[in-house]
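Below is one structure; the comments refer to it alone.
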Amino acid sequence: FSALNNDEAVQSTNDDACGCKCSAVNLGYWKDSYVNYFVKRYDRKPPEINRGYYARVKGIEHLVSQCLQVSKKECQIISFGAGFDTLYWRLKESGCTFSKFIEFDFPIMTSKKHFLIKKHKQLFEHLQFKDTDDKSVSPNLYTADYFLIGADLRDLNSISNKLTSAGINFDLPTIFIAECVLVYVDVQAISNLLKYLAKSFSDCIFINYEQVNLNDTFGRIMLENLRARGCMLPGHEDCENLDKQKSRFTSNGWDGAKAWTMVEIYNSFMENERCRIESIEMLDEKELLSQLLEHYCISVGWKGGSFENICIQEK
Ligand code: SAM
């Protein structure tokens with residue numbers, strides 16, 4: 001692996017994500033009854049960050065719900081670099097059904113998550129265990145439908161073996177999620193992962209949230225910050241626009257792709273919902289929010305028949 005990569009710096013980005021989600025949730029941007037169990041302490045974030053996280057979480061949630069509707073009960077969800085994300089619990093709480101929810105992250109991260117899940121009854125009580133479960137040893141947690149697995153995304157053999165050990169069905173509709181993860185992974189390793197997924201699964205969609213448009217002044221500052229933290233690898237500058245985000249899928253064996261900046265995602269939300277969140281806190285610098293949202297995107301790539309028409313909310 002590249003000597004430039006700093007796994008610990010990359011892992012620490014999960015603390016930021018979790019702290020920002022807590023900040024927004026506790027101010028009432030969206031409901032998440034679980035995120036507080038994963039965070040010891042956090043600082044209140046400025047309004048543009050809270051709104052940005054709202055767009056990120058709701059944008060992904062909206063696409064995932066649509067996918068679950070079209071694929072019915074049999075869908076599998078696989079989240080790469082899941083960190084301490086709470087989507088499994090939020091989907092369960094809202095009555096969504098799926099056959100399997102698998103989360104991958106570095107073993108050190110999944111063992112921490114494993115510990116916190118066991119510690120908090122409110123998280124643990126949603127899990128159902130099979131009678132015999134000898135694979136469920138930290139850093140892994142294997143239940144009837146939730147699987148928390150320690151693996152490095154750059155190690156394709158390990159990912160492939162662990163998917164098999166979790167009983168994945170390569171013919172069922174499958175949603176892959178990478179929420180602010182790929183930018184931290186070596187570009188060749190992402191390419192290999194995308195090729196492997198497109199080759200192995202017959203009917204699937206990959207939902208990716210990450211930085212984009214990094215070649216203007218604001219983008220270059222973001223890039224420098226990532227570099228200074230030691231968690232950005234060379235090569236990602238190339239993913240600088242929506243077209244490149246899409247071609248990353250189509251050049252790695254996927255049938256088609258779409259991509260939207262977070263400005264488009266934010267503007268696609270229902271007006272009453274936008275009014276609600278905009279009334280939570282005053283935002284003097286509207287320009288700052290647009291600038292931030294211009295530099296993040298959600299892209300999707302699909303393969304097979306189920307997910308071709310998945311789109312952002314129509315108003
Ligand atoms: N997806 C979560 C969210 O949005 O709340 C966490 C996002 S955090 C910014 C990035 C996550 O990706 C971290 O938990 C990190 O450990 C994980 N990650 C980055 N590179 C990885 C790799 N090579 N293998 C496994 N996990 C990785």
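Projected onto planes of every orientation and averaged, the convex hull of the alpha-carbon atoms in the range 73-217 covers 9.8 nm². Across the protein chains, with a 1.4 Å probe defining accessible surface, the residues Ile60, Ile312, Ile280 rank Ile280, Ile312, Ile60 from largest area downward.
For Leu226, the solvent-accessible surface computed with a 1.4 Å probe is close to 20 Å², ligands and nucleic acids excluded. Of the accessible area of the chain, computed with a 1.4 Å probe over protein heavy atoms only, carbon and sulfur atoms account for 50 percent. Figure note: Asp171, Asp105, Asp216 ranked by solvent-accessible area, largest first, 1.4 Å probe, ligands and nucleic acids not counted: Asp171, Asp216, Asp105.
What residues from the range 86-101 fall in the zone where the backbone N is under 20 Å from a label point 7 Å along the Cα-to-C-beta line of Ala144? Correct set: 87-101. Counting only Cα atoms, the size of the chain along its three principal axes is 56, 42, 42 Å, in decreasing order. Would you mind classifying the range 194-315 by shape? Square roots of the alpha carbon gyration tensor eigenvalues, ordered a ≥ b ≥ c; an a/c under 1.5 is rounded, otherwise it is prolate if a/b is larger than b/c and oblate if not. It comes out oblate by the Cα gyration axes. Straight-line cross-link reach from Lys40 at under 17 Å between alpha-carbon atoms covers these lysines, not counting any fewer than eight positions away in the same chain: Lys21, Lys112, Lys113, Lys118, Lys119, Lys121.
Over all alpha-carbon pairs in the range 260-315, figure out the percentage whose distance exceeds 16 Å. Within the range 260-315, distances greater than 16 Å cover 57 percent of Cα pairs. Packing here is the average count of other Cβ atoms within 10 Å per residue, and on that basis the peptides 201-207, 281-287, highest first, run 201-207, 281-287. In this structure, Phe124 and Ala228 have a Cβ-Cβ separation that, at R0 = 35 Å, corresponds to a calculated FRET efficiency of about 0.35. Measuring only protein heavy atoms, the 1.4 Å probe finds Val39 accessible over about 30 Å².
In the context of the full set of protein chains, the chain has a per residue accessible area of 44 Å² (1.4 Å probe). Looking at the chain, the DSSP beta bridges with both ends there are about 45 percent antiparallel. Placing Val212, Val187 in order of accessible area, with the largest value first and a 1.4 Å probe, yields Val187, Val212. By the equivalent-ellipsoid construction on the alpha carbon gyration tensor, the range 169-213 comes out with semi-axes of 21, 13, 7 Å, ordered largest to smallest. Any idea of Thr164's accessible area? Nearest 10 Å², probe 1.4 Å. Around 90 Å² of this residue is reachable by solvent. Placing pseudo-labels 7 Å out from each Cα toward the beta carbon at Asn215 and Asp155 gives an inter-label distance of 3.6 nm. Among the chymotrypsin sites (Phe, Trp or Tyr not before Pro) in the range 79-108, none is located in a DSSP loop while being surrounded by at most 14 other Cβ atoms within 10 Å of its own Cβ. Here the range 1-152 yields Rg over Rh of 0.96, to two decimals, using C-alpha coordinates and the Kirkwood radius.
Where a ≥ b ≥ c are the square roots of the eigenvalues of the C-alpha gyration tensor, would you call the range 132-266 rounded, which needs a/c under 1.5, or, failing that, prolate if a/b is larger than b/c, or oblate? Prolate, because a/c is 1.5 or more and a/b exceeds b/c. Ellipsoid semi-axes for the range 81-151, based on the Cα gyration tensor and the rule √(5λ), read 17, 14, 12 Å when sorted largest first.
The values are calculated or read from the model by the stated rules, or taken from the named source; none is laboratory data. For clarity, every value in this text was computed on a predicted model and none was experimentally measured. As a convention, Cβ positions derive from the backbone with ideal geometry for all residues, glycine included, and neighbour counts pool all protein chains shown. When the accessible area is computed, the model is the full protein with side chains, heavy atoms only, and any ligands, DNA or RNA have been set aside. Shrake-Rupley method; radii C 1.70, N 1.55, O 1.52, S 1.80 Å.
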